[in-house]
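Asks: Sharing a structure here in structure tokens format.
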Amino acid sequence: EAVCCGPGPCEIIAGPGSGKTLVLTERILYLLDHYNLKPSQILVLTFSRAAAAEMKERFIKRAGENSRSVCFGTFHSAFFHILRESTGKDYSILGQAQKERLISHLIGNYYPDENDRPQIEEIEKILRMAPADIGDVKAASIKRDYRSFLQENGYLDFDDMIIKCRRFLLSDPGSLRLWRSRFRAILVDEFQDINREQY
């Protein structure tokens with residue numbers, strides 16, 4: 001029933017090992033065969049690169065090489081791809097290890113007393129806050145310097161990929177229409193884990 005329900009919303013709730021990935025791969029085939037979709041018009045999203053690669057491999061084994069252009073990826077990789085392709089900007093990704101080194105360096109600059117220093121995780125939360133909501137002047141300065149570093153060096157962090165992509169699509173109706181027409185079907189693995197901005 002889930003495989004054959006056609007285009008439009010369909011939520012599958014089932015426990016681990018019950019065949020959800022099989023349903024997703026079969027549903028892609030059903031959409032290709034019965035609704036005249038091209039493989040490149042289908043986007044399949046999941047949360048980890050490993051899960052995306054495994055799903056793609058399972059799908060190609062079942063569907064054959066002709067269906068290789070179905071897009072499998074993580075939320076972040078999809079958002080990053082949309083941003084780069086739409087804006088023409090050559091963004092680089094600030095990895096988690098680089099991010100932690102940068103935050104640690106900034107904490108050391110603003111909190112010379114080691115006993116007074118916040119944890120990296122605390123600063124990571126502050127980086128996601130609006131400037132008006134940050135009560136600590138030093139933490140606000142860390143956020144300002146962090147954002148300046150990213151901008152000056154053409155970096156995006158993982159939060160930026162979501163936020164900037166969403167802002168870009170909302171501010172550019174032509175690009176929004178283009179991406180909506182490009183992906184006619186979006187399938188999401190582990191949908192229950194998405195946050196409001198990803199949605």
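The values are calculated or read from the model by the stated rules, or taken from the named source; none is laboratory data. What you see is a predicted model; the values in this text were computed from it and never measured. Backbone-built Cβ (ideal geometry, glycine too); neighbour counts: all protein chains shown. For the accessible areas, the whole protein counts, side chains as well, though only heavy atoms, and no ligand, DNA or RNA atoms are used. Shrake-Rupley method; radii C 1.70, N 1.55, O 1.52, S 1.80 Å.
Asks: What tally of residues in the range 42-64 results from selecting those that are in contact (Cβ under 8 Å) with a residue 12 or more places away in the chain, surrounded by 14 or more Cβ atoms within 10 Å (Cβ to Cβ) and over 18 Å from the mean Cα position of the chain (by Cα)?
Replies: Adding up the residues that qualify gives 3.
Asks: Here's a follow-up. Test of understanding: among ILE134, ILE93, ILE82, ILE142, which residue is surrounded by 14 or more Cβ atoms within 10 Å (Cβ to Cβ), over 30 Å from ILE186 (Cα atoms), among the β-branched types (Val, Ile, Thr) and in contact (Cβ under 8 Å) with a residue 12 or more places away in the chain?
Replies: That would be ILE142, the only listed residue that is surrounded by 14 or more Cβ atoms within 10 Å (Cβ to Cβ), over 30 Å from ILE186 (Cα atoms), among the β-branched types (Val, Ile, Thr) and in contact (Cβ under 8 Å) with a residue 12 or more places away in the chain.
Asks: Please verify whether GLU100 is part of a helix (DSSP H, G or I) and in contact with a helix residue (DSSP H, G or I) (Cβ under 9 Å, 6 or more places away or on another chain), treating the condition exactly as stated.
Replies: yes
Asks: Looking at (1) surrounded by 12 or more Cβ atoms within 10 Å (Cβ to Cβ); (2) of a type outside the set (Gly, Ala, Ser); (3) in contact (Cβ under 8 Å) with a residue 40 or more places away in the chain; (4) part of a loop (DSSP other than H, G, I, E, B), which is the one condition that is false for CYS10?
Replies: Result: CYS10 passes all but (3).
Asks: Scan the range 38-50 and give yes if some residue there is of a type in the set (Val, Ile, Thr) and assigned to a loop (DSSP other than H, G, I, E, B), otherwise no.
Replies: no
Asks: Out of (1) among the hydroxyl-bearing types (Ser, Thr, Tyr); (2) farther than 28 Å from ILE142 by Cβ; (3) in contact (Cβ under 8 Å) with a residue 60 or more places away in the chain, the odd one out for SER67 is which?
Replies: (3)
Asks: Just one of LEU150, LEU176 is touching a helix residue (DSSP H, G or I) at 6+ places or on another chain (Cβ under 8 Å), under 30 Å from ILE12 (Cα atoms), modelled with pLDDT of 90 or more and open to solvent by less than 90 Å² (accessible area, probe 1.4 Å); which is it?
Replies: The conditions single out LEU176.
Asks: Let me ask another. Name the residue that is least open to solvent (accessible area, probe 1.4 Å), counting only residues in the range 179-199 that are basic (Lys, Arg) and modelled with pLDDT of 90 or more.
Replies: Among residues in the range 179-199 that are basic (Lys, Arg) and modelled with pLDDT of 90 or more, the one least open to solvent (accessible area, probe 1.4 Å) is ARG182.
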